[in-house]
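Trainee: Below you'll find the structure I mean.
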Amino acid sequence: MKLRKSARLLLSLAWSAAVACALIVPLAAADVRELALRARSVLNQRCFQCHGLDGAARKNVFVLDRARLISSRVVTPGDENSLLLNVIERDAMPPTDEKLSAEEKSAIRRWILAGAPAWDDPSPRAFISETAILSAISYDLSRAGERSRPFLRYFSLAHLYNAGASSEELDAYRAALSKLINSLSWHREITPPAPVDASKTIYRIDLRDYQWTAQTWNRLLSFYPYGIRTAEGEVIRLLSGALLPYVRADWFAANASAPPLYHELLVLPRTVGELERMLGIDAARNLAEEKNVARAGIRTSGVSENNRVLERHPTAYGAYWKSFDFRSSLDDQNIFRDPIRLNPAGGEMIFNLPNGLQAYFLADGRGNRIDKAPVEIVADRNNADDPVITVGRSCMSCHFEGVKSFRDEVRAVVRGMRVGVFDRDRALALYPDQDALDRLVEKDRERFLQSVAATGAQATSAQAEPINALSRRYRAELSISQAASEVGLDANEFQSRARRSPRLVALGFGQLLVENGGIKRDVWERSFGEVVREFELGEFTPGNLAVSRGALIGSTTARTAVDLNLQPSRSITASANPTEIMRAAKTIFITSKTVFLKPDQLENELRKRAEFAAMELVIVKDARAADLRVDLDRPLFTYTFTFSVSNPETSIVVANGKVTAFDGNFAAPKIAKEILRRLQEARSVQ
């Protein structure tokens, strides 16, 4: 009897085990992929708005960054007690009344219990190294026509690609680059930047497509904080004349969409009057003739608490909309008391560029250009964290679909008035009926949206406007992977190097050495040069220094020194004193008579040394721009390398010497050390 019971028990256990095994049979790859994508879809639609959109994430939870969800223990693969699942199933999240449905909760549960499989493409991304970026640019330049190279410049999204930005995000960032560069253009055509690599992370522009010049680009570079000079980058400079190989697209979005660069790149004037003359608008005549002008008045707008008047004038490029904003709605600020004579405290101007996109201008009550609007007059209600309206970027966010619709409230009031302090018939002529206003708005909006589509961009909301999205991504806190990608390293290598640097730890980089660490953008930007030097990534050359050096270096390929009107350095007067010459020297030109020691070998050794940077020395490629000329040689059948340092202007030899070395690789460090030692000695003489 006991044997029968035991047999039945064993049979039952075997059956249970078989059922359990059947339940845990691994899912097919296609099923895993579908499960992961469904979970990602739920997180994207229901959670991303607060936890990741535009680089901002409450509680530092980025729901579309699977690696970060796991590393921060928001998700524990296979664990039904995962924090994410817990807050969702308790309806603690989302905090709105629209909670997740049972099916959506189930999708997240099944994904976590299945081990939280990756939802990205199963094939891993190949890391794009700095060498690969520079090689792609060099190759692209080499294939370009020689006469076009001086006008070619490059942007990069590779660091965002390496940091794990999703395909959807990268597409939006590509669109942001295209929309912004064309929004800073006075050319009649829309020209999207052209990708030059298979991953579509490196983009080429031709300055002429936007009516930019090399000087325009250099002005942009003068604000750029991430310049690094390397031997590979020098090839790009020689081919195109570009002082730095490329600019990061996210930095560009955050900085070129706001003053001062926004004003400078568009070459905007300082007053409303000058702007209207530039656009060919005679506002006084239009108002006097009651033709080619349309006004509308509203009590409260999307940005203003007080009265607002909108005024439209046609231009050769489309339309010019001008707002009149007021400090109050009383007395001479009351547009319903007198809608003809206005006394505004400021205004916003929106006008079409020749390509149909929009540009923006803010002015005070006197018509002078300003960077930010007074928040007591107008405010950005789409951005509760930063409601101050900044010309350019804030306007792009608000007007993502072009000129916004509105309902005029003045005309009906004027029509109902029997008496007033103004010319009633003139007011009715200036304030057309709503149908006429709607047609004008629709016409202008349609043209703008067609131009936006030509850039490859689209937006469904102010938050989704791509330029603002990429700008917010740039300004957000950097994760470990993001910081690493910005210096061309993977996260493990970055942390390994940072741990070995007491200098970086002292600067606060320990916050990137802990799990789920991060660093604020302002700290990172200020300390970037220290990272470059500590990691020996090249010569840190922020844009302002690159541009100042570029004024001396010039281009030695696509343009000649005569084309560039290159002048020799004037840091040295015609002194006959060798010590004085060496003390004042800033620029060095190197030439060699021997194939065993090339100029670039000595150049690289000089740049590596801290004394070179401390003395603010610069290598130039044109002897006429040099304070010092270094001549190298090696007598035949010897291991002796000689050097002679002279001033090209006076031909005075200020130093010379020789070293013994097997070849140029060993000779260059010795000569560099000796030349810098003598320069230091000259500078120490009082």
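Trainee: For segment 508-532, enumerate the residues that are assigned to a loop (DSSP other than H, G, I, E, B) and at negative phi.
Mentor: If the condition is that a residue be assigned to a loop (DSSP other than H, G, I, E, B) and at negative phi, then 513, 514, 515, 517, 520 are the ones that fit.
Trainee: Out of curiosity, is residue 253 open to solvent by less than 10 Å² (accessible area, probe 1.4 Å), of a type outside the set (Asp, Glu) and assigned to a helix (DSSP H, G or I)? Please lay out each step first, then the result.
Mentor: Values: open to solvent by less than 10 Å² (accessible area, probe 1.4 Å): yes; of a type outside the set (Asp, Glu): yes; assigned to a helix (DSSP H, G or I): yes.
Yes; evaluated as a whole, the condition is true for this residue.
Trainee: Filter segment 226-244 for residues that are over 15 Å from the mean Cα position of the chain (by Cα) and in a loop (DSSP other than H, G, I, E, B); which is farthest from residue 394 (Cα to Cα)?
Mentor: Here is the first cut: in segment 226-244, the ones over 15 Å from the mean Cα position of the chain (by Cα) are 228-244.
Pick out the ones that are also in a loop (DSSP other than H, G, I, E, B) and you get 230, 241-244.
Values: 230: 37, 241: 34, 242: 31, 243: 31, 244: 29 Å.
Top of the filtered list is 230.
A quick yes/no check of all residues on (1) closer than 30 Å to residue 200 by Cβ; (2) touching a strand residue (DSSP E or B) at 6+ places or on another chain (Cβ under 6 Å):
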site: 241; (1), (2): yes, no
site: 246; (1), (2): yes, yes
site: 250; (1), (2): yes, no
site: 260; (1), (2): no, no
site: 276; (1), (2): no, no
site: 305; (1), (2): no, no
site: 310; (1), (2): no, yes
site: 316; (1), (2): no, no
site: 326; (1), (2): no, no
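Trainee: Closer than 23 Å to residue 464 by Cα and either open to solvent by 30 Å² or more (accessible area, probe 1.4 Å) or outside any loop (DSSP other than H, G, I, E, B) (or both), is that true of residue 137?
Mentor: Judged against the criteria, residue 137 is not a match.
Trainee: Being closer than 20 Å to residue 579 by Cβ, among the hydroxyl-bearing types (Ser, Thr, Tyr) and free of Cβ contacts under 8 Å to residues at least 40 places away in the same chain is the filter here; which residues of segment 626-682 pass it?
Mentor: 644, 646, 651
Trainee: A further question follows. It is to be established whether one or more residues within segment 452-462 are at pLDDT below 90, within 27 Å of the chain's Cα centre (by Cα) and not polar (S, T, N, Q).
Mentor: Yes - at least one qualifying residue is present in segment 452-462.
Trainee: Let me spell it out: the conditions are (1) of a type in the set (S, T, N, Q); (2) assigned to a helix (DSSP H, G or I); (3) open to solvent by less than 60 Å² (accessible area, probe 1.4 Å), and residue 450 meets all of them except one. Which number is the exception?
Mentor: (3)
The rows are residues; the columns are (1) surrounded by 15 or more Cβ atoms within 10 Å (Cβ to Cβ); (2) among the charged types (D, E, K, R); (3) within 28 Å of residue 165 (Cβ to Cβ).
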residue: 81; (1), (2), (3): no, no, no
residue: 85; (1), (2), (3): yes, no, yes
residue: 90; (1), (2), (3): no, yes, no
residue: 110; (1), (2), (3): no, yes, yes
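Trainee: Filter segment 179-201 for residues that are open to solvent by less than 40 Å² (accessible area, probe 1.4 Å), without any contact (Cβ under 8 Å) to a residue 60 or more places away in the chain and in a loop (DSSP other than H, G, I, E, B) and give the result.
Mentor: Across segment 179-201, the qualifying residues are 191, 193.
Trainee: Given (1) buried (at least 21 other Cβ atoms within 10 Å of the Cβ); (2) at pLDDT 90 or above; (3) within 41 Å of the chain's Cα centre (by Cα), where does residue 627 come up short, assuming only one miss?
Mentor: (2)
Trainee: Given (1) within 39 Å of the chain's Cα centre (by Cα); (2) outside any helix (DSSP H, G or I); (3) polar (S, T, N, Q); (4) at pLDDT 85 or above, where does residue 604 come up short, assuming only one miss?
Mentor: Looking at each condition in turn, residue 604 falls short on (2).
The values are calculated or read from the model by the stated rules, or taken from the named source; none is laboratory data. Remember, it's a predicted structure, so these values are computed and weren't measured experimentally. Ideal geometry is used to build each Cβ from the backbone, glycine not excepted, and the neighbour counts take in all protein chains shown. Ligands, DNA and RNA are excluded from the accessible area calculation, which covers all protein heavy atoms including side chains. Shrake-Rupley method; radii C 1.70, N 1.55, O 1.52, S 1.80 Å.
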